[in-house]
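Everything on this sheet refers to the single structure shown next.
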There are 2 protein chains.
Amino acid sequence: MQNIQDYVRSTAAAAKQAFYALSNASTAQKNAALLHMAELIKQHRADILAANAQDMEQAAAKGLDAAMLDRLKLTENTIDSMCEGLRQIAALPDPVGEMDEFRLRPNGLQIGKMRVPLGVIGIIYESRPNVTVDAAALCLKSGNACILRGGSEAFRSNTTIAGLITRALRENGLPTDAVRLIENTDRESVGAMLQSPELIDVIIPRGGKSLVARIAAEARVPVIKHLDGICHVYIDQAADTGKALAVAYNAKTSRDGTCNTMETLLVHTARAQEILPALAGQYAQAEKPVELRGCTRTLEILPHIQAATEEDWETEYLGPVLSVKIVDNLAEAITHINTHGSHHTDAIITESYTDAQIFLRAVDSASVMVNASTRFADGFEYGLGAEIGISTDKIHVRGPVGLHGLTSQKWVVLGNGQIR
Amino acid sequence: MQNIQDYVRSTAAAAKQAFYALSNASTAQKNAALLHMAELIKQHRADILAANAQDMEQAAAKGLDAAMLDRLKLTENTIDSMCEGLRQIAALPDPVGEMDEFRLRPNGLQIGKMRVPLGVIGIIYESRPNVTVDAAALCLKSGNACILRGGSEAFRSNTTIAGLITRALRENGLPTDAVRLIENTDRESVGAMLQSPELIDVIIPRGGKSLVARIAAEARVPVIKHLDGICHVYIDQAADTGKALAVAYNAKTSRDGTCNTMETLLVHTARAQEILPALAGQYAQAEKPVELRGCTRTLEILPHIQAATEEDWETEYLGPVLSVKIVDNLAEAITHINTHGSHHTDAIITESYTDAQIFLRAVDSASVMVNASTRFADGFEYGLGAEIGISTDKIHVRGPVGLHGLTSQKWVVLGNGQIR
């Protein structure tokens, strides 16, 4: 199937040229294109919904599960959200060209850094047609070209939306190759993207863990990815009871299927007798009652719950289940989190300044929190304005990825004829 | 050979534990260990030189080429440099724990970033035993654990040095697993490192292009790497003649075998007649005369030089050879650099403010310079104090990589009981 390889590679090569052309685009031009996309999507709402209805019909006929269908479905509301998202991204400051850290060297050179796009970003995603708009908008605003490879189930929706994006680019004098939808949904087109480090600068997969893990394993292009969200709340010896109960309840129940939901609760042994029965009562009365799985010591306090296995400490339930462990001290909590967690988001509840400082420094996670719900770990809550995803990687960018995460910094050296 | 795999994996796992333990180490402790390493290396200078002499003898017997032997050889001077390097790294500010960008969100959360180590860094290198010291010191100072895989040719030198590093760690209360030399020089030990993303957070290869390219192709661990250095100087229409001649001469001749040496000279057509004959005269009189290879138009001005082929525009000569091309304007120069260069370091010589601004923004290289020699692209010249290498990647870090390049930032969220 040499044809698919060639098609993907020529698309990426065109995107690379568009990326260079984008470096001449002004912020005003990029913002105008984003607002125009919002206008066009609003005007062609009926076309998009019709295309999506066809996708839905075919997906249902193929027997896709309810969750997948839910993610595929577009409504008047989701289309409004897409348009609102575009307007918000247009309103964000342009990160490209920001300069800082300039120092004067002894030889008179002024050396500092300029924020620049990464180049060509490949987005590989499933179902959600709104990713087509979000990803294109974030990449464009940050000066990157992108190639979008959506799933076959959303083909008509994505094609319709991509057509409007192309039109907005063209009508605002921007290169239409800056956003290219891969119009081939064979697996081989993904493979071709993953094997093209000379044409694609970074791949961002959006989807379930199995998709992301497969892409990370196969890619020869750098990947910014999100794997597990095994988040912890640790109730310290010095915790305020009210904050402990409120945060531990919220972190599990406000939404139980998100990556920033708490999956394991750690409680200092001195507070377990007081806290756990009260919390268990709250969880039992939640809209979706939470099933608890406890360590041996927890079972002594809550004898009616199930025992946790070793596997529980490394499981992302993505549902109303919570593992509970009593620890002897802060150090044990930190070791448990670093060993069994997924380095995503972890919180301590404490009134102790020193315990908070130790936790913040020693927990090796993308987000570390004091007296706040892990559920806050997302780009909008952090003030990024928008996010393309949450990174569980350690290099380049950790946690919610906004416009800055789609850029890096190059060195700028200003001289007046210096030689070495 | 399951044994090698197990050995590498258990070494990396021990390093991971040491990395967590390092988060409790103070800056003073790390600095004391670095200064102690310098002391020990000074004291055991004779042992190191004796081990190195054995390595040299064996390498010569095996027929290693002169360049390889040169990189392998330690002298009184190189040992002094190692010690001086350790003292310089001890004197640098500790990047770990730096906090910034804190913002107050409407809900009262304070959200900002803390600079943190990457975790376990794998260094894969050839010959140069000084990398053992440099890499260990930079990783330790930046709070990372490291596992070092040197070449078989330097085995005795590396083992002797690593023993002193271990002793300095132990005698300063730091975990000795924070720096581990892989005492196996089979290829399979490299393979085991490259396939362990759950144990090693990043790999930094140090060596020739073929080693680096092979590692990048095989690695499932993120890699920070240096490939080609195809650097350009562009003499703009608005160039000052004196600066143009001085920089173009220096960028090629001050050292011709380094990655930041100019490999292609681009000259604006309006200046070629004036500049090229003068430069050619200088190059001919250099200590090592520079062989020029020109485009068709260059040959009209310098009829006695060889014609450049398409391949010349993408060749890193690493020697006294220079390709020369006349361009019609700034845009053509930028397109040539982005298309044929290696995104390493490129300079414009100009007195035009606008041309400088356009060049700085549009050239997609790790370092972009105005009126300065490309030879300045290195960590010491940039004021980093030390460098572990120069990155030609686009994500995480570009150009010279110092202590900051060995760290990333995590999010810190400070609340008082907020729930979502």
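The values are calculated or read from the model by the stated rules, or taken from the named source; none is laboratory data. These numbers come from a predicted model, not from an experiment. FYI the Cβ positions are ideal-geometry reconstructions off the backbone, even for glycines, and counts take in every protein chain you see. Please note that ligands, DNA and RNA were not included when accessible areas were found on the heavy atoms of the full protein model with its side chains. Shrake-Rupley method; radii C 1.70, N 1.55, O 1.52, S 1.80 Å.
Below are the figures for this structure:
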| read-out | value |
| --- | --- |
| Residue, farthest from the chain's Cα centre (by Cα), within the stretch A:369-420, restricted to residues that are among the hydroxyl-bearing types (Ser, Thr, Tyr) and either in a loop (DSSP other than H, G, I, E, B) or more than 7 Å from chain B (Cβ to nearest Cβ) (or both) | A:Ser373 |
| Tally, over the stretch B:247-286, of residues that are over 15 Å from B:Leu302 (Cβ atoms), of a type in the set (Gly, Ala, Ser) and in contact (Cβ under 8 Å) with a residue 60 or more places away in the chain | 3 |
| Qualifying position, being among the aliphatic types (A, V, I, L, M) and at positive phi, among B:Leu299, B:Leu360, B:Leu403, B:Leu318 | B:Leu318 |
| Residues satisfying the stated conditions in the stretch A:191-206, i.e. open to solvent by 20 Å² or more (accessible area, probe 1.4 Å) and away from every other protein chain (no Cβ under 14 Å) | A:Gly191, A:Arg206 |
| Qualifying helices (runs of 4 or more DSSP H) (wholly inside the stretch A:265-358; at least 3 residues being assigned by TED's automatic domain parsing to the domain that holds A:Arg255 and closer than 30 Å to A:Ser210 by Cα) | A:330-340 |
| Which numbered condition B:Ala333 misses (of (1) in contact (Cβ under 8 Å) with a residue 40 or more places away in the chain; (2) more than 9 Å from chain A (Cβ to nearest Cβ); (3) surrounded by fewer than 24 Cβ atoms within 10 Å (Cβ to Cβ); (4) under 23 Å from A:Ala25 (Cβ atoms)) | (3) |
| The stretch A:177-194 residues that are under 19 Å from A:Gln17 (Cα atoms) and in a helix (DSSP H, G or I), paired with ones that are open to solvent by 60 Å² or more (accessible area, probe 1.4 Å) and of a type in the set (Ser, Thr, Tyr) (beta carbon under 9 Å, 6 or more apart) | A:Ala192/A:Tyr7 |
| Residue within the stretch A:320-328 that is open to solvent by less than 20 Å² (accessible area, probe 1.4 Å), within 14 Å of another protein chain (Cβ to nearest Cβ) and among the aliphatic types (A, V, I, L, M) present | no |
| Meets criteria (buried (at least 24 other Cβ atoms within 10 Å of the Cβ) and over 18 Å from A:Asp201 (Cα atoms)) for B:Phe376 | yes |
| Residue in the stretch B:361-368 that is part of a helix (DSSP H, G or I), under 30 Å from B:Arg103 (Cβ atoms) and open to solvent by 20 Å² or more (accessible area, probe 1.4 Å) present | yes |
| Test result for B:Arg167, within 21 Å of B:Val202 (Cβ to Cβ), away from chain A (no Cβ under 14 Å) and surrounded by fewer than 24 Cβ atoms within 10 Å (Cβ to Cβ) | no |
| Leading residue by the ranking (nearest to B:Cys146 (Cα to Cα)) among those in the stretch B:1-16 that are open to solvent by 40 Å² or more (accessible area, probe 1.4 Å) and more than 27 Å from the chain's Cα centre (by Cα) | B:Ser10 |
| Filter result for B:Val413 (modelled with pLDDT of 95 or more, of a type in the set (Val, Ile, Thr), farther than 17 Å from B:Asn338 by Cα and open to solvent by less than 20 Å² (accessible area, probe 1.4 Å)) | yes |
| Scope the stretch A:47-99; condition within 17 Å of A:Asn31 (Cβ to Cβ), among the small types (Gly, Ala, Ser) and open to solvent by less than 80 Å² (accessible area, probe 1.4 Å); matching residues | A:Gly85, A:Ala90, A:Gly97 |
| Residue check for A:Ala33: exposed (fewer than 14 other Cβ atoms within 10 Å of the Cβ), within 26 Å of A:Gly383 (Cα to Cα) and in contact (Cβ under 8 Å) with a residue 40 or more places away in the chain | no |
| Residue among B:Ser152, B:Ser196, B:Ser210 that alone is hydroxyl-bearing (Ser, Thr, Tyr) and within 25 Å of A:Val397 (Cβ to Cβ) | B:Ser196 |
| When residues of the stretch B:100-152 are limited to those that are out of contact with any strand residue (DSSP E or B) (no Cβ under 7 Å at 6 or more places or on another chain) and polar (S, T, N, Q), the one least open to solvent (accessible area, probe 1.4 Å) | B:Ser127 |
| Selection count, the stretch B:98-128, where residues are part of a loop (DSSP other than H, G, I, E, B) and modelled with pLDDT of 95 or more | 8 |
| Residue satisfying condition, being out of contact with any His (no Cβ under 6 Å at 6 or more places or on another chain), crowded, with 24+ Cβ neighbours inside 10 Å and more than 10 Å from every other protein chain (Cβ to nearest Cβ), within set B:His340, B:His344 | B:His344 |
| Lone qualifier among A:Ala213, A:Ala244 - being open to solvent by 30 Å² or more (accessible area, probe 1.4 Å), within 12 Å of chain B (Cβ to nearest Cβ) and in a helix (DSSP H, G or I) | A:Ala213 |
| Of all residues in the stretch A:229-241 being touching a Lys or Arg at 6+ places or on another chain (Cβ under 7 Å) and not in a strand (DSSP E or B), the one that is farthest from the other protein chains (Cβ to nearest Cβ) | A:Gln237 |
| Of all residues making up the stretch B:254-289, the number that are closer than 28 Å to B:Pro400 by Cα and either more than 14 Å from every other protein chain (Cβ to nearest Cβ) or open to solvent by less than 40 Å² (accessible area, probe 1.4 Å) (or both) | 13 |
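Conditions tested, residue by residue: (1) within 25 Å of A:Val397 (Cα to Cα); (2) of a type in the set (Phe, Trp, Tyr); (3) within 14 Å of chain B (Cβ to nearest Cβ).
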position: A:Leu64; (1), (2), (3): no, no, no
position: A:Leu69; (1), (2), (3): no, no, no
position: A:Gln88; (1), (2), (3): yes, no, no
position: A:Pro93; (1), (2), (3): yes, no, yes
position: A:Glu98; (1), (2), (3): yes, no, yes
position: A:Leu109; (1), (2), (3): no, no, yes
position: A:Gly112; (1), (2), (3): yes, no, yes
position: A:Val116; (1), (2), (3): yes, no, yes
